[in-house]
Amino acid sequence: MIAQVIRSGAAVRVVSFYSGIDASIRSSAVRAGIGILLSTLIALFATIAVEIIARGSLTDVGDFLTSTARPGMTTVVMLTVLMLSLDAAFGRRFQSVLIIVPLVLIPAFVSNQKQHYLSDPLYPSDVLFGRQIVELLPVMVRDRPLTAVALVIGIVVFAAGLVMAWRYCWRHLPRVSHKARVRRLCLGLPVIFAFGSLMDYSQYSWIRDRLQVVPMMWDQKENYRSNGFILAFIFNVPMADVAAPSGFGSQALDAIPARNYGYLRGPSEKPDVIMLMSESFWDPTRLNSVTLSADPMPNIRAAQSGYVFSPEFGGMTANVEFEALTGFSNAFLPYGSIPYQQYIRTDVPSLATFFRSEGYVARALHPFSGWFWNRNEVYKDFGFEEFRSEETMPAMEKRGIFASDDSLMKEIMQEADGLDRPFFFFGVTLQGHGPYEPNRYANNSIDIQGNLNDAERATLTTYTQGIKEADDSFRMLTEWASKRDRETIIILWGDHLPPLGSVYMTTGYMPDQVATRKAPVEVMKKEHETPLVIWSNRKGSKSDVGTVSPSMLPYHLLKFAGYEHPYYTGFLGRMQKKYPIVDRYQLIARDGTPTPDWVLKPAGLDPLVRDYRYLQHDIMFGKAQSRARFFPETAGTEDSGT
């Protein structure tokens, strides 16, 4: 298509027209001025196109470009200087258009598509899990085969057209003289480097201040809306460099009180522990405008202890897992970051570390590729002795293309029965993963009535059948555990709400097909709560847990198991008593009182939350000064080489 456009009569006339003008104008200054003007117009149209594509509409684009408090024209100038400098490097005028325009338009399109499923725009860190997306392509192709074929054809045509266009323009566009190339580079490169200072949002930038560009890293949607896709994307490039919080230091860490418990205290008989994060597990009966012929989760409902307030929606499972295993919070990390991909590069205390210090076998199980979300490496850093992935597990029964929950539960039971020592198993299920293509299951046992179109009904039917089968597998696991002599604790929760697309809007559950990031407490709970079960074959279910962040699960688990620990039950105990939900947009107190936008008010931050942030930063990015006081068990694991 690009080649056809370039070779079309109109395009040829444009190139010839400019070449003719270029040849007829003897004044190099006039030629340079016309070149700059045309490059500026191209940059302007590219910026407009990027914003329309990334936003999905014309809304606010005009204000973005014309407001003196918005950096629309800054983006245009930046692209113009970049194109002029690249033209000088190539020696051809406007050759850079074939690099710059696709380089900004394609990410904008990807960002638009991402927001249909995960609510967040595209971040530079998303390229770190490109392989994960490729691995999930088969199910996406099955869900939308015609779209997949069209996409492949489009990519091939685009790539071929781009190559042909490059060759055509190289032959026909005017050359840039040697003197003009040197002059452009001498002027352009310093400006580009000056713009580079905009990238580090954690450091003061005189240029950024003069241009009234305000990075809003605490609210990425507003960041992308206000600063535009290109600048906001650039601001997120240095995300891996997490700045120390205000007031952080050795004295601040020493001032944090820690209860010692006489090293560690635990039960006389150590219970076995199975911790299960169930993929996209949620209660579809919450969709009030549809009727299900049967309850798809009667067993989990009967054993339910409360809810987990997921920091994610529709995906990003690893971020929920990070909180549940470490007791740390994503709220203290840059928005859009993925700790498993970016920050876990050395030993980090986790529940696996703790249980191993207590003589447990610590094992992780997930019936998918071990490299997914970097789990192969992260689980080692968390102290797990072994990670059983699809590469090392027996062949699993599939439901659709994913391993069934039933087969994973059977594998957990078989491995547990082969152990004499107490064990801590952390399992991540897979069957509930979207998209929820029609006819994934040969037989759907639950009928759905309501005002849904055929595609929506098929999506919800597939999802609901998966919930029923997850509930059945939970019943099988608890029946097995009930017959065991040793106390066996099972903790299960859903990592996030499922990506059901337009089902949410049609049923009136949410105004959009993705969850809200900032809303009143009741709305946030509605769009982020997933069921939580904490159960023991001796004590039954722990009740009245309420709604808690995943980072509070270590407290509830260890307390239920009879353990005391300086951090997991001591510090987190104080946190959950006051703030059971720690979200980056609002703290929610036990009585439901919210503290919105607390990240923006560090001076008035509750000292307890401040200390929480200090401890996490010290362990993950600092010198681990607080490790001995709050994680005394890590001395033993470090000696053993984990």
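Quick look at the numbers
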{"read-out": "Residue ID - modelled with the lowest pLDDT, chosen from residues in segment 256-276 that are of a type in the set (A, V, I, L, M) and touching a helix residue (DSSP H, G or I) at 6+ places or on another chain (Cβ under 6 Å)", "value": "Ala258"}
{"read-out": "Unmet criterion (only one of (1) at pLDDT 95 or above; (2) assigned to a loop (DSSP other than H, G, I, E, B); (3) out of contact with any helix residue (DSSP H, G or I) (no Cβ under 8 Å at 6 or more places or on another chain)) for Glu411", "value": "(2)"}
{"read-out": "Residue check for Leu253: touching a Leu at 6+ places or on another chain (Cβ under 9 Å), within 22 Å of Gly72 (Cα to Cα) and modelled with pLDDT of 85 or more", "value": "no"}
{"read-out": "Segment 373-384: number of residues that are touching a strand residue (DSSP E or B) at 6+ places or on another chain (Cβ under 7 Å) and outside any loop (DSSP other than H, G, I, E, B)", "value": "3"}
{"read-out": "Where a residue in segment 149-168 is surrounded by 11 or more Cβ atoms within 10 Å (Cβ to Cβ) and its partner, wherever it lies, is of a type in the set (A, V, I, L, M, F, W, C) and not in a helix (DSSP H, G or I), with Cβ under 8 Å and at least six apart", "value": "Val157/Met1; Phe158/Met1; Gly161/Met1"}
{"read-out": "The one condition in (1) under 25 Å from the mean Cα position of the chain (by Cα); (2) modelled with pLDDT under 90; (3) not in a loop (DSSP other than H, G, I, E, B) that Arg584 fails to fulfil", "value": "(3)"}
{"read-out": "Filter result (closer than 16 Å to Val242 by Cα and in a helix (DSSP H, G or I)) within segment 613-628", "value": "Arg613, Tyr614, Leu615, Gln616, His617, Asp618, Ile619, Met620"}
{"read-out": "Qualifying position, being surrounded by fewer than 17 Cβ atoms within 10 Å (Cβ to Cβ) and modelled with pLDDT under 90, among Gly35, Gly72, Gly91", "value": "Gly91"}
{"read-out": "Cβ pairs under 6 Å, 6+ apart, first in segment 352-377 and within 21 Å of Pro554 (Cα to Cα), second aromatic (Phe, Trp, Tyr) and assigned to a loop (DSSP other than H, G, I, E, B)", "value": "Ala352/Phe382; Ala352/Phe384; Ala362/Phe384; Ala364/Phe384"}
{"read-out": "Failed condition for Asn288, given (1) modelled with pLDDT of 90 or more; (2) within 21 Å of Thr547 (Cβ to Cβ); (3) surrounded by fewer than 19 Cβ atoms within 10 Å (Cβ to Cβ)", "value": "(1)"}
{"read-out": "Lone qualifier among Gly604, Gly622, Gly570, Gly540 - being over 28 Å from Thr478 (Cα atoms) and surrounded by fewer than 16 Cβ atoms within 10 Å (Cβ to Cβ)", "value": "Gly604"}
{"read-out": "Residue list for segment 341-372, restricted to those being among the hydrophobic types (A, V, I, L, M, F, W, C), more than 21 Å from the chain's Cα centre (by Cα) and assigned to a helix (DSSP H, G or I)", "value": "Leu351, Ala352, Phe354, Phe355"}
{"read-out": "Candidates Met164, Met140, Met199 - the one that is out of contact with any strand residue (DSSP E or B) (no Cβ under 6 Å at 6 or more places or on another chain) and at pLDDT 85 or above", "value": "Met164"}
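The values are calculated or read from the model by the stated rules, or taken from the named source; none is laboratory data. No experiment lies behind these values; they were computed from the predicted model shown. Reconstructed Cβ throughout: ideal geometry from the backbone, glycine too, with neighbour counts over all protein chains shown.
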